[in-house]
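Report on one structure; see the data block that follows.
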Amino acid sequence: MSRGKFIVFEGIDGSGKSTQMDLLRSHLESLGLKVYVTTEPSSREIGKLIRRILKNEVTVSEETLAALFVADRLDHIQNQVDGMLQYLDKGYCVLSDRYFWSSFAYHGLHMPISQVVEMNDICHEMLKPDLTVYLDLSAEESMRRILERNEQLEKFEKLELLQKIRQNYFIAFEKYSKDLLIKVVDANESIELCHEQIVSKVSDLIQNVPVS
Ligand code: ADP
Ligand code: TYD
C-alpha cells in the first residue's frame, strides 16, 4: 500500500490552523481519502505535562520545555497506539496542528534556533513533512483573536513574543527548509480564500494516494 501524505499546519496562536485543518479534512474525505487529524502538544502523557507548563501550573527551564517537546514529538511519531507513522503506513493522510517548525520558532525565543534544530534532528530523520502550510497572521491580529476567545492567556500569548515568533518562523523557513515544501498563506484573507489556496497546493501532492 502506498504511504499517505504528512501535512503540517503552522502559524502563531490563533492564525486559523484548526479551522483550515477541519476544512481540508472534509475536502480530502469527500475525495475518498482516509484522513487522521492530530496535534502537538499531543494528547498523551508528555503532551499533558506540556499543557500544564503552558498554563503556568508547572515551572521548568526553557531548555527543559524544548526537550519535552522533542520527547512528545518522538512519541507522537512512533507510539504504537496512535503514532503518526502507523497511520501514514496504512495510507492515511495525516494533518498535524504544529510540528518541529513550532519548536524552532517558539524555543528560538530563548535559545539559538540552530540548537533547537539540532535537538529535533532525530524527528527530522524519522518523519519529514510532505507539505507545511504556514498561515501567516500579524501578531496584532493574532492577539485580537486570542483575546476574543476570552480564555486564560498561555505562556506565549503576548504581543511582543508573537512578533518575534513570527520572525523566527521566517528565519527557520529561510535557513532550514532545504528539500521541504512550504506554502505560505495570507491568514488575513477570508477562511474560504485560505482554504482554496491550500486545496490547490494539496491537490498536486495527493495524486497517488489511494482512495478507500
Ligand atoms: P488556531 O488553531 O491557529 O489557534 P483557530 O482556527 O482556532 O486558530 O482560529 C482562531 C479564531 O480565528 C477562531 O475564532 C476562528 O473562527 C477565527 N478565524 C480563523 N480563520 C479566520 C480568518 N481567515 N479570518 C477571520 N477569522 C478567522
Ligand atoms: P495551542 O493551544 O495548540 O496553540 P494554538 O493557539 O495555536 O491553537 O498551544 C500550543 C502552544 O505550544 C503554542 O503556544 C505553541 C507552543 N509550542 C511550543 O512552544 N513548541 C512546540 O514545539 C510546539 C509544537 C508548540
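The values are calculated or read from the model by the stated rules, or taken from the named source; none is laboratory data. All of these numbers come straight from a predicted model, not from anything done at the bench. Here Cβ is always computed from backbone atoms with ideal geometry, including for glycine, and neighbour counts include all displayed protein chains. Just the protein is used for accessible areas: all its heavy atoms, side chains included, with ligands, DNA and RNA removed. Shrake-Rupley method; radii C 1.70, N 1.55, O 1.52, S 1.80 Å.
Listed by position, the helices (runs of 4 or more DSSP H) enclosed by segment 1-79 that each have at least 3 residues that are closer than 12 Å to Leu95 by Cβ and within 12 Å of ligand 2 (Cβ to nearest atom) are 17-30. From the list Leu74, Leu95, the one residue that fits, being among the aliphatic types (A, V, I, L, M) and either open to solvent by 20 Å² or more (accessible area, probe 1.4 Å) or more than 20 Å from Val8 (Cα to Cα) (or both), is Leu74.
Test Val133 against the criterion of being touching a residue at least 24 places away in the same chain (Cβ under 8 Å), within 13 Å of the chain's Cα centre (by Cα), within 16 Å of ligand 1 (Cβ to nearest atom) and open to solvent by less than 60 Å² (accessible area, probe 1.4 Å), and give yes or no. Against the criterion (touching a residue at least 24 places away in the same chain (Cβ under 8 Å), within 13 Å of the chain's Cα centre (by Cα), within 16 Å of ligand 1 (Cβ to nearest atom) and open to solvent by less than 60 Å² (accessible area, probe 1.4 Å)), Val133 qualifies. Residues of segment 115-126 that are within 13 Å of ligand 2 (Cβ to nearest atom), closer than 30 Å to Gly91 by Cα and β-branched (Val, Ile, Thr): Val117 alone.
Within segment 154-196, the set of residues being among the hydroxyl-bearing types (Ser, Thr, Tyr), free of Cβ contacts under 8 Å to residues at least 60 places away in the same chain and within 15 Å of ligand 1 (Cβ to nearest atom) comprises just one member, Ser190. Away from ligand 2 (no atom under 16 Å from the Cβ) and closer than 22 Å to Tyr36 by Cβ: which single residue out of Pro129, Pro210 fits that description? The unique qualifying residue is Pro210. Exactly one residue out of Glu157, Glu151, Glu140 is open to solvent by 70 Å² or more (accessible area, probe 1.4 Å), within 16 Å of ligand 2 (Cβ to nearest atom) and modelled with pLDDT under 95, and it is Glu151.
Here's the yes/no breakdown for (1) among the acidic types (Asp, Glu); (2) within 30 Å of Ser2 (Cβ to Cβ); (3) open to solvent by less than 30 Å² (accessible area, probe 1.4 Å):
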| position | (1), (2), (3) |
| --- | --- |
| Ile53 | no, no, yes |
| Glu63 | yes, no, no |
| Tyr99 | no, yes, yes |
| Met111 | no, no, yes |
| Val116 | no, no, yes |
| Asn120 | no, yes, yes |
| Cys123 | no, yes, yes |
